[in-house]
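Notes to accompany the following structure.
The values are calculated or read from the model by the stated rules, or taken from the named source; none is laboratory data. Worth saying up front: this structure is predicted, and the values here are computed from it rather than measured. Every residue, glycine among them, receives a Cβ derived from its backbone with ideal geometry; neighbour counts consider all protein chains shown. We work out accessible area using only protein heavy atoms, side chains counted, and drop any ligands, DNA or RNA first. Shrake-Rupley method; radii C 1.70, N 1.55, O 1.52, S 1.80 Å.
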Amino acid sequence: MTLEQLRHFCLGLPGVTEDVKWEHDLCFCVGDKMFCVTGFDVEAPVSLKASLQDFDDLCEQQGIVPAPYLVRAKWICIKERNAITPAQWKHLIETSYELIAAGLTKKKRKELGIG
């Protein structure tokens with residue numbers, strides 16, 4: 001998945017904004033909470049929150065490791081963008097988005113137009 005494909009898919013989800021944090025990380029947020037983080041380089045890794053059930057299995061796949069600094073929160077880091085299929089990319093991004101959105105208040109979810 002290219003950076004433009006990633007941006008297009010993430011920004012197509014309800015209530016998503018993008019922001020640059022730490023001067024070089026592109027972050028996609030829902031309700032000001034990050035659900036996807038990457039860099040601007042073509043080969044930059046992508047970090048996403050994973051479900052508790054999927055975290056260990058995902059980290060066993062080639063090209064995917066626990067995300068530095070966020071391992072306790074069950075985030076993964078996809079170091080090789082071709083390690084997963086386009087369908088897996090979409091599933092993992094949607095899962096991360098849903099996990100983060102679920103932690104928002106009902107009021108905030110309503111403001112953002114999220115079920």
Computed helical MRE - 222 nm, the chain, DSSP H runs ≥ 4 contributing -39500 (n - 2.57), nearest 500: -10500 deg cm²/dmol
Extension gain, ASP54 back to LYS33 (0.36 nm per residue minus Cα-Cα distance, nm): 5.5 nm
Modelled label reach - THR95, point 7 Å along Cα→Cβ, the range 33-59 residues with backbone N closer than 19 Å: 34-38, 45-59
Equivalent ellipsoid semi-axes - Cα gyration tensor, the range 4-57, angstrom: 18, 15, 11
Listed residues LYS106, LYS90, LYS74 arranged by accessible area, highest first, probe 1.4 Å: LYS106, LYS90, LYS74
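Compare PHE9, PHE28 by solvent-accessible area with a 1.4 Å probe and give them largest first, with all protein chains kept in place.
Values: PHE9 40, PHE28 0 Å².
Highest to lowest solvent-accessible surface, that is PHE9, PHE28.
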Evaluated at q = 0.11, 0.19 Å⁻¹: base-10 log I(q)/I(0), Debye formula over Cα of the chain: -0.32, -0.99
Percent of C-alpha pairs per 5 Å bin, the range 27-67, short to long: 6, 21, 24, 24, 18, 7, 1
Among 96-104, 18-26, the order from most to least packed when residues are scored by Cβ within 10 Å on average: 96-104, 18-26
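How would GLU60, GLU4 rank on accessible area, largest to smallest, probe 1.4 Å?
On the way: GLU60 150, GLU4 115 Å².
Largest accessible area first, the list is GLU60, GLU4.
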Along principal axes, Cα extents of the range 65-115, largest first, whole Å: 37, 26, 10
